[in-house]
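The values are calculated or read from the model by the stated rules, or taken from the named source; none is laboratory data. As the structure is a prediction and not an experimental result, all values here were calculated from the model. FYI the Cβ positions are ideal-geometry reconstructions off the backbone, even for glycines, and counts take in every protein chain you see.
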Amino acid sequence: MRIGVLGGTFDPIHVGHLAIAEEVRARLELEEVCFVPAGAPWMKAGQALSSAQDRLCMVRKAVEDNPFFRVSTVELERSGPSYTVDTLRELREDYGPDARLFFILGTDAFDRFGEWKEPEGILALATLVVVDRPAKMASAEGVGEGMGIGARVEHIRSIRLEISAADIRSRVAEGSSIRYLVPEPVERHIYARGLYTG
């Protein structure tokens, strides 16, 4: 079984996340992509986040119409900082030893991969799938070769939508439209809950 894993704060999840997940799923012939909302992301320590319940609700609403997407609450249920290596270990237990995990990330995150907790452990548990625009892939491939992990990295050349969660939060705060930047159920949740307004 081939399983994609896409983690993030998802504050909020947006169409860029979904497009990347679907592109990787189709290109690598994955049986499913598991979205993992972060509990306490160590790289964003000290930053204010929407509640775990709101972020989880938005992710569930965003993926509910795709039968190949599922959501895991493994990081939200764990106390303390959220580390990818711990998440992959738990997912490995959930899916069983025959599952092959593919951890999806962008080149910006991959550039800092050496700073992550137990990068060797991550590589033992999953193949990295580095997604970015063709113009940036050469640098990503160079990083992989320099770290000696080329065999454990898949490079996906994909059109990345220029959308960020930070931009969406700013647009909500200033009263600008976010229609078509997030799935409609996510947009409704943001406004119903008054998220990002101040």
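Quick one: in the stretch 172-181, which of the residues that are outside any loop (DSSP other than H, G, I, E, B) and surrounded by fewer than 15 Cβ atoms within 10 Å (Cβ to Cβ) is nearest to the chain's Cα centre (by Cα)? Let's see the steps before the verdict.
Start the filter on the stretch 172-181 by keeping residues that are outside any loop (DSSP other than H, G, I, E, B), which leaves 172-174, 179.
Keeping just the survivors that are surrounded by fewer than 15 Cβ atoms within 10 Å (Cβ to Cβ) gives 173-174, 179.
Values: 173: 24, 174: 26, 179: 21 Å.
Of everything passing the filter in the stretch 172-181, 179 is nearest to the chain's Cα centre (by Cα).
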Against the definition (crowded, with 19+ Cβ neighbours inside 10 Å, modelled with pLDDT of 85 or more, touching a strand residue (DSSP E or B) at 6+ places or on another chain (Cβ under 9 Å) and over 25 Å from residue 40 (Cβ atoms)), how does residue 153 come out, yes or no? yes
Pairs with Cβ under 6 Å, 6+ apart, first in the stretch 82-110 and of a type in the set (Asp, Glu), second in a loop (DSSP other than H, G, I, E, B): 90/74
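Could you list, in sequence order, all residues of the stretch 153-171 that are of a type outside the set (A, V, I, L, M) and under 21 Å from the mean Cα position of the chain (by Cα)? Working first, answer last.
Within the stretch 153-171, the first condition is being of a type outside the set (A, V, I, L, M), and the residues that meet it are 154-155, 157-158, 160, 162, 164, 167, 169-171.
The answer is 154, 155, 157, 158, 160, 162, 164, 167, 169, 170.
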Subset of the stretch 55-69 [charged (D, E, K, R) and buried (at least 18 other Cβ atoms within 10 Å of the Cβ)]: 55, 60, 61
Out of all the residues in the stretch 78-137, which are in contact with a Ser or Thr (Cβ under 9 Å, 6 or more places away or on another chain) and acidic (Asp, Glu)? 90, 94, 111, 118, 132
Wholly inside the stretch 42-148, helices (runs of 4 or more DSSP H) that include 1 or more residues that are of a type in the set (A, V, I, L, M, F, W, C) and modelled with pLDDT of 90 or more are 52-63, 84-95, 107-110, 119-125
Expected output for the stretch 17-36 (first residue in contact (Cβ under 8 Å) with a residue 60 or more places away in the chain, partner surrounded by fewer than 22 Cβ atoms within 10 Å (Cβ to Cβ) and polar (S, T, N, Q), Cβ below 6 Å, 6+ apart or cross-chain) is 23/158
Scan (1) surrounded by fewer than 19 Cβ atoms within 10 Å (Cβ to Cβ); (2) in contact with a helix residue (DSSP H, G or I) (Cβ under 7 Å, 6 or more places away or on another chain); (3) within 25 Å of residue 64 (Cα to Cα); (4) at pLDDT 75 or above for the single condition residue 169 breaks and write down its number. (2)
Checking residue 11 against (1) more than 20 Å from residue 179 (Cα to Cα); (2) in contact with a Ser or Thr (Cβ under 6 Å, 6 or more places away or on another chain); (3) touching a residue at least 60 places away in the same chain (Cβ under 8 Å), the condition it does not meet: (1)
